[in-house]
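Novice: Have a look at this one before I ask anything.
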Amino acid sequence: MFTAIDILEKERTLASYESLVGLVVAHFEDEEKLGLSEVHLAMHKGLIDIATTKLGELKAGGVVDDALVGLLQNWLKNHIKVTDQQTYGAK
């Protein structure tokens, strides 16, 4: 996913955004098979809601800007490197 974020940051295209979102959704689907807490599932839903909204905006002519790239970089870094590690380390 981090490679996909790097590609999105460089290319700033709808295709690179869709690719990243697909990877995030697949990651979440795999993770959710592990029986996560409602709080953790809500975090996933929150990012998917943001991603879906942004996808609609991009398809309507919006642009991949610094704010979107930064949001995804920070959210995924914190979720994967902090929240997921705490979740899996606690099991």
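The values are calculated or read from the model by the stated rules, or taken from the named source; none is laboratory data. Since we're looking at a predicted model, the values are computed, not measured. Virtual Cβ from ideal backbone geometry, glycine too; neighbours counted across all protein chains shown. The accessibility values were calculated without ligands, DNA or RNA, using every heavy atom of the protein model including side chains. Shrake-Rupley method; radii C 1.70, N 1.55, O 1.52, S 1.80 Å.
Novice: Would you mind calculating the relative contact order of the chain from Cα pairs under 8 angstrom and at least 6 residues apart, reporting the percent as a whole number?
Specialist: Relative contact order, the chain: 39 percent.
Novice: How big is the accessible area of Thr52 in square angstrom, nearest 10, if you roll a 1.4 angstrom probe over the protein chains?
Specialist: Its accessible surface works out to 90 Å², give or take rounding.
Novice: Shifting gears a bit: Given the -39500 (n - 2.57) contribution per DSSP H run of 4+ residues, what per-residue ellipticity at 222 nm results for the chain, rounded to the nearest 500 deg cm²/dmol? Mind showing how you got there, number by number?
Specialist: Numbers: 5 runs with 70 residues, N = 91.
Rounded to the nearest 500, it is -25000 deg cm²/dmol.
Novice: Could you give the angle, 0 to 90 degrees to the nearest 10, between helix 2-11's Cα long axis and the longest principal axis of the Cα atoms of the chain?
Specialist: On a 0 to 90 degree scale, this one is about 10.
Novice: So what's the angle, to the nearest 10 degrees on a 0 to 90 scale, between helix 38-59 and the longest Cα principal axis of the chain?
Specialist: 10 degrees
Novice: Continuing with the same structure: Enter the angle in degrees (range 0 to 90, nearest 10) between the Cα long axis of helix 14-32 and the first principal axis of the Cα atoms of the chain, meaning the one along which they spread out most.
Specialist: Roughly 10 degrees between the two axes.
Novice: Also, I was wondering about something else. Taking N as the number of residues in the chain, what is its alpha-carbon radius of gyration divided by 2.2 N^0.38 Å?
Specialist: On the way: Rg = 13.4 Å, N = 91, 2.2 N^0.38 = 12.2 Å.
It is 1.10.
Novice: Tally Lys and Arg at +1 and Asp and Glu at -1 over the other residues with C-beta under 11 Å from the C-beta of Phe28: what net charge comes out? Could the numbers behind the result be given before it?
Specialist: On the way: positive: Lys33, Lys45; negative: Glu29, Asp30, Glu31, Glu32, Asp84.
After counting each charged neighbour, the total is -3.
Novice: Please give the contour-minus-distance gain from Val39 to Thr52: 0.36 nm per residue of separation, less the Cα-Cα distance, rounded to one decimal in nm. Present the calculation step by step, with values, prior to reporting the outcome.
Specialist: On the way: separation 13, 0.36 × 13 = 4.68 nm, distance 1.99 nm.
Computed gain between Val39 and Thr52 is 2.7 nm.
Novice: How far apart, in nm, are two points set 7 Å out from the Cα along the Cα-to-Cβ line at Lys81 and at Glu11?
Specialist: 2.4 nm
Novice: Any aspartates and glutamates with Cα under 12 Å of the Lys59 Cα? List them, leaving off those in the same chain fewer than 8 positions away.
Specialist: Once the sequence-local aspartates and glutamates are set aside, what remains near Lys59 is Glu18.
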